[in-house]
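The values are calculated or read from the model by the stated rules, or taken from the named source; none is laboratory data. Since the structure is predicted, the reported quantities are computational estimates derived from the model, not experimental observations. Here Cβ is always computed from backbone atoms with ideal geometry, including for glycine, and neighbour counts include all displayed protein chains. Side chains are part of the model used for accessible areas, which takes the heavy atoms of the whole protein and leaves out ligands, DNA and RNA. Shrake-Rupley method; radii C 1.70, N 1.55, O 1.52, S 1.80 Å.
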Amino acid sequence: MNSTTTPVANTRAVLSVFEKYQKERLLFVQTVADLASRESNIEALQSAGVMSLLRPLLLDNIPAIQQAAALALGRLANYNEELAESVVDSDILPQLVYSLSEQNRFYKKAAAFVLRAVAKHSPELAQSVVDSGALNALVSCLEEFDPGVKESAAWALGYIARHNGDLAQAVVDASAVPLLVLCVQEPELSLRRIAASALSDIAKHSPELAQSVVDANTIAFIAPLLGNPDAKLRRQVCSALSQISKHTVDLAETVVDGEIFPNVLNCMKDTDGYVKKNAATLICEIAKHTPELAQLIVNSGGIAAVVDYINDSHGNARLPGIMTLGYIAAFSETLALAVIVAKGVPPLAHALVTETEEHIKAACAWSLGQIGRHSPDHAKTLADHAVLPKLLKVLTSSDENGEGEVGADLKTKAKRALKCILEKTLHLEALDPLLKQTTPANILKYVVGQFAKILPHDVAARRAFVTSGGLQRIQEIAASYGSGPQGQVLGTASNNQPNSLMGTKMGEYIRTINECYPEEIVRYYSPGYSATLLEKIDDYNPLQEYVSGQAKLEAATPPGESMQPVLPQGLTA
């Protein structure tokens, strides 16, 4: 009896040790995985050498321990680039790739999570994932029955593809695109979202990559999803379509042929901010290519939707709407008029003044310039909304405060917009606020030039120019531009025009304006003329004038005729 009982007892004692070891290993990796989910614990885990302890557990013969170890590694690698590099340096990736084709679905999800967490940080780390042979394993996971495995694999592929064209091409070469398109058709919403996101990440880099996505019949399956009730899916679909559309006219036309209207316009009124912005970006990417595509947007009621979008948005979200109006207006007078009729100017003018980001102000200036550059009627509409003084204010404020490249870009776009609009402006009321010495010389030149075009041919305009003080300001401007570098006043030429302006466009414009008026009128409104008159009063002697007049009268009286002198009042002989 005792001889039989002893071996059994020994076996149990030995097995209990191994069971305890197994439980402790499982408890350890589960605890580490839990700790790794909180950012405050990451540094302590890193300093404790957690990587070297987790690596052998990936090879454990207990699946639960393997899965927990992979989950812990994924959470650590997801935290920062340094820990992701530690995963690569620890030679963990090959084991994960091997396990993707051998282990159960739970482990596959965890392993794909690690690959995604490593790949997301940089192109170099993503390349390390590719070099480990992960692409083929991940693509194989897209063919799994379990949606969770597909989702994890699609997510990892998207993170690899998003960095650059070479990595995206590697994903395409691994035949991932057709399987991602199949994933978009799955019933699970989360899988459809991530697959659409991955397709967007592939298409964004080049026309060739976008074409490879289109060739898989992607648009036919994702365009109808613009009407899907799930907001997160609509976000990704709008993004994918915009990334395809942006490259070439043919790709944009292919997207339009997918019957995205009117669903895409409804998306611009969505309650989800990201859906609205991505839909506006899609419209913008289509509008920029050709007048025909821009006209198609107009015919679909797109301008009104864009204007409403700009009115309802703020900050960077406004940018695609602002650019869309500029792209459409740039093509022709008719399309620019369509923007005006849809009341597109007021929100652009408002954003130009109220937005704080310089690149948004620059976009507003550019779009307003595209609207106003076509004809005097277009320019008058902008003038009626006080766009010219607003552009000038932006230009002068950037001169004072803006530094660096962004400030320079804003100044350039504001200046070009002002020039385009001014060259078409034929209304004195619109030009008058800009006719002042504080206006920068490179803008003032165009303002004066427009007056020089208008005044010679319009009598009423010449009179109004005098009564509004415009002629006086012209003379003051001419005098101010006659000051030399040390502040001395240079000599003047005819019509009180400073010599420093002779031979310049500004000087020619001022001469043309002055020639529209009698010389005494020009002299009257010239700076210093009142002082000249006062000097004449000081030098005037009535008696001397009388004697001089009498002498002239006597010289003119015929011989033999008498002349009775008449003295001025107050003088006696």
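Projected onto the charge dipole of the chain (+1 at Lys/Arg Cβ, -1 at Asp/Glu Cβ, origin at the Cα centre), which of N164, L35, T504 gives the Cα projection farthest towards the positive end? It is L35.
Calculate how steeply helix 189-203 sits against the longest principal axis of the alpha-carbon atoms of the chain, using the helix alpha-carbon long axis, and give the answer as 0 to 90 degrees to the nearest 10. Tilt relative to the chain: about 60 degrees.
Nearest 0.05, what FRET efficiency do S52 and E81 give at R0 = 22 Å with Cβ-Cβ as r?
That pair, S52 with E81, gives E of 0.70.
Nearest 10 degrees, 0 to 90: what angle lies between the long axis of helix 105-119 and the longest principal axis of the chain (Cα atoms)? Orientation of helix 105-119: about 40 degrees from the principal axis.
For K413, the aspartates and glutamates whose Cα comes closer than 20 Å to its Cα, not counting residues fewer than 8 places off in the same chain, are E355, E357, E358, D399, E400, E403, E405, E423. For the range 431-447, 3J(HN,Hα) computed residue by residue from phi via the Karplus equation (6.51, -1.76, 1.60; θ = phi - 60°) reads 7, 3, x, 8, 7, 7, 5, 6, 5, x, 4, 6, 9, 4, 4, 6, 5 Hz, glycine and proline entered as x. Using a 7 Å offset from Cα along Cα-Cβ at A408, what residues in the range 338-364 end up with backbone N under 16 Å from the label point? Residues 359 qualify, since their backbone N sits under 16 Å from the label point.
With N as its number of residues, the range 220-275 has a Cα radius of gyration that, divided by 2.2 N^0.38 Å, comes to 1.05.
Can you give me the % of accessible surface on the chain that is carbon or sulfur? Probe 1.4 Å, all protein chains present, nothing else counted. Working shown, then result.
Working: 14400 of 27820 Å².
Roughly 52 percent, rounded to a whole number.
Compared with the dominant principal axis of the Cα atoms in the chain, helix 231-245 is inclined by about 60°. For the range 107-193, chymotrypsin sites (Phe, Trp or Tyr not before Pro) are listed when DSSP marks them as loop and at most 13 other Cβ atoms sit within 10 Å of their Cβ; the list is F145. Based on Cα contacts under 8 Å between residues 6+ apart, the range 280-389 shows a relative contact order of 25 percent. For the range 119-245, the spread of Cα coordinates along the three principal axes comes to 39, 33, 25 Å, biggest extent given first.
Given a Förster distance of 51 angstrom, what is the FRET efficiency for D250 paired with E186, based on the Cβ-Cβ distance and rounded to 0.05?
Values: r = 29 Å, r/R0 = 0.58.
The value I calculate is 0.95.
Provide, in order from the shortest bin, the percent of all Cα-Cα pairs of the range 16-63 in each 10 Å bin, continuing until the bin that contains the maximum pair distance. With 10 Å bins starting at 0, P(r) equals 24, 51, 23, 2. The lysines within cross-link reach of K453, meaning a Cα-to-Cα straight distance under 19 Å and a gap of 8 or more places when in the same chain, are K380, K419, K424, K436, K445, K505. Heavy-atom accessible surface of the chain, averaged per residue, reaches 49 Å², computed with a 1.4 Å probe. Return the FRET efficiency for the residue pair T396, D272: r is the Cβ-Cβ distance, R0 is 56 Å, and the value is rounded to the nearest 0.05. Efficiency, rounded to the nearest 0.05: 0.90. Treating only the Cα positions of the range 99-155 as identical point scatterers, give the base-10 log of I(q)/I(0) from the Debye formula at each q in 0.22, 0.23, 0.29 Å⁻¹. For the requested q values the scattering log ratios are -0.76, -0.82, -1.20. A simple rule links phi to the HN-Hα coupling: the Karplus curve 6.51 cos²θ - 1.76 cosθ + 1.60 with θ = phi - 60°, which for the range 422-428 gives 4, 5, 10, 7, 10, 10, 4 Hz, with x for Gly and Pro.
Considering only the Cα atoms of the range 1-130, their convex hull presents on average a projected area of 9.3 nm².
Computed with the Debye formula from one identical point scatterer per Cα of the chain, without solvent, the log10 of I(q)/I(0) at q = 0.07, 0.08 Å⁻¹ comes to -0.65, -0.75. Contact order for the range 345-448, expressed relative to its length and based on alpha carbon pairs under 8 Å spaced 6+ residues apart, stands at 31 percent.
Model label sites at K505 and E124, defined 7 Å from Cα along the beta-carbon direction, differ in position by 5.1 nm.
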